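What follows is a short report on a single structure.
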Amino acid sequence: MNRLRILTVAVALLVTISSSADKRKDTRMRVLIETTEGNITVALYDQTPVHRDNFVKLAKQGFYDGLLFHRVIRDFMIQGGDPDSRNASGGQLLGEGGPDYTLPAEIHYPELFHKRGALAAAREGDDVNPERRSSGSQFYIVWGKTFTASKMAEENARMLENSDGEIEIPEDIRNTYELDGGTPHLDAQYTVFGEVVEGLNVVKKIQKAKTDKNDRPVNDVKIIKATVL
């Protein structure tokens, strides 16, 4: 075996070992969301233990099984978790259902932000929910769009204005939105508690669904089963 061949094999071995080590280090809890459009696996953040543990609890109880992605907006996000959507009739208005509790906000910005694939908790608006408490069950997965540098400058100006000059979008996050996409206007307002690690192509497919005037897919997109891995 010549030197070049030996070097190539050695490099390949190091890459494999490094990849395996990275997987071992990632101890985040995962939930597999099987849908009628394909499977999505999400990893839950340890920085948001209340939301993490609640999502795991509901998944283990079978709470999400049979529910719809009842609100889908192209180039924005897909939303599910409303128990009223189970066996809902066509055209039925959805989005108000949930368990008999809400969750305290666990907003950790800029550490956790609305990049493409982010898993976040839905909630009532600030006018009736100034503490920004999360729905006990409803969640959304971000698709969003990519931004130009000038558009991100506008988003940064908006963030500064809304925070009375206290919060600015870090450069690395701006770069993520420019390269990969997301929904920066939601940052620092909603609890981001996980991210898609497999099945982002399924999210892409769902967000393109044809919807009615209430953003509900015309053809139901259903969560078949949510399983804690």
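The values are calculated or read from the model by the stated rules, or taken from the named source; none is laboratory data. Since we're looking at a predicted model, the values are computed, not measured. Cβ placement follows ideal geometry from the backbone for every residue including glycine, while neighbour counts extend to all protein chains displayed. SASA here: full protein model, heavy atoms, side chains in, ligands and nucleic acids out. Shrake-Rupley method; radii C 1.70, N 1.55, O 1.52, S 1.80 Å.
Scan segment 118-128 residue by residue and report those that are under 22 Å from Lys57 (Cβ atoms) and assigned to a loop (DSSP other than H, G, I, E, B).
First, pick out the residues of segment 118-128 that are under 22 Å from Lys57 (Cβ atoms): 118-124.
Those that are under 22 Å from Lys57 (Cβ atoms) and assigned to a loop (DSSP other than H, G, I, E, B): Ala122, Arg123, Glu124.
Does Val72 satisfy the condition of being of a type in the set (Val, Ile, Thr), under 24 Å from Thr211 (Cα atoms), surrounded by 23 or more Cβ atoms within 10 Å (Cβ to Cβ) and within 14 Å of the chain's Cα centre (by Cα)? Yes; evaluated as a whole, the condition is true for this residue. When Ile224 is tested against (1) out of contact with any Leu (no Cβ under 7 Å at 6 or more places or on another chain); (2) crowded, with 20+ Cβ neighbours inside 10 Å, just one condition goes unmet, and that condition is (2).
Report whether or not Asp180 is open to solvent by less than 30 Å² (accessible area, probe 1.4 Å) and touching a residue at least 24 places away in the same chain (Cβ under 8 Å). No; evaluated as a whole, the condition is false for this residue.
Check segment 54-63 and report whether any residue there is hydrophobic (A, V, I, L, M, F, W, C), touching a Leu at 6+ places or on another chain (Cβ under 8 Å) and part of a strand (DSSP E or B). Walk me through how you get there before you give the answer.
Our first condition is that a residue be hydrophobic (A, V, I, L, M, F, W, C); within segment 54-63, this holds for 55-56, 58-59, 63.
Narrowing the set further to residues that are touching a Leu at 6+ places or on another chain (Cβ under 8 Å) leaves 55-56.
Next, from what is left, pick out any that are part of a strand (DSSP E or B): none.
For segment 54-63, residues hydrophobic (A, V, I, L, M, F, W, C), touching a Leu at 6+ places or on another chain (Cβ under 8 Å) and part of a strand (DSSP E or B): absent.
Can you tell me which residue among Phe193, Phe147 is among the hydrophobic types (A, V, I, L, M, F, W, C) and touching a Ser or Thr at 6+ places or on another chain (Cβ under 7 Å)?
Values: Phe147 fails: touching a Ser or Thr at 6+ places or on another chain (Cβ under 7 Å).
From the options Phe193, Phe147, the qualifying one is Phe193.
Only one entry in Gly81, Gly125 is open to solvent by less than 10 Å² (accessible area, probe 1.4 Å) and under 20 Å from the mean Cα position of the chain (by Cα), namely Gly81.
Going through (1) at pLDDT 95 or above; (2) open to solvent by less than 40 Å² (accessible area, probe 1.4 Å) one by one, Ala21 falls short only on (1). Scanning segment 35-53 for residues that are open to solvent by less than 10 Å² (accessible area, probe 1.4 Å) and part of a helix (DSSP H, G or I) turns up just one, His51.
Those residues that are surrounded by fewer than 20 Cβ atoms within 10 Å (Cβ to Cβ) and in contact with a Gly (Cβ under 7 Å, 6 or more places away or on another chain), I need them from segment 183-204; list them, please. Residue satisfying the conditions is Leu200 alone. On the stretch given as segment 144-156, residues that are open to solvent by 50 Å² or more (accessible area, probe 1.4 Å) and either within 13 Å of Ala188 (Cα to Cα) or out of contact with any strand residue (DSSP E or B) (no Cβ under 9 Å at 6 or more places or on another chain) (or both) total 6. In segment 152-159, is there at least one residue being of a type in the set (Lys, Arg) and in contact (Cβ under 8 Å) with a residue 40 or more places away in the chain? No, that holds for no residue.
Suppose the filter is of a type in the set (Ser, Thr, Tyr), on the phi < 0 side of the Ramachandran plot and part of a loop (DSSP other than H, G, I, E, B); does Ser137 pass it? Break it down stepwise before answering.
Working: of a type in the set (Ser, Thr, Tyr): yes; on the phi < 0 side of the Ramachandran plot: yes; part of a loop (DSSP other than H, G, I, E, B): yes.
For Ser137, the condition - of a type in the set (Ser, Thr, Tyr), on the phi < 0 side of the Ramachandran plot and part of a loop (DSSP other than H, G, I, E, B) - is met.
Looking at Ile173, Ile141, Ile169, just one residue is crowded, with 20+ Cβ neighbours inside 10 Å and touching a Leu at 6+ places or on another chain (Cβ under 7 Å), and that residue is Ile141.
From the list Pro99, Pro130, Pro110, Pro104, which residue is in contact with a Pro (Cβ under 7 Å, 6 or more places away or on another chain) and open to solvent by 10 Å² or more (accessible area, probe 1.4 Å)?
Working: Pro99 fails: in contact with a Pro (Cβ under 7 Å, 6 or more places away or on another chain); Pro130 fails: in contact with a Pro (Cβ under 7 Å, 6 or more places away or on another chain); Pro104 fails: in contact with a Pro (Cβ under 7 Å, 6 or more places away or on another chain).
Answer to the selection: Pro110.
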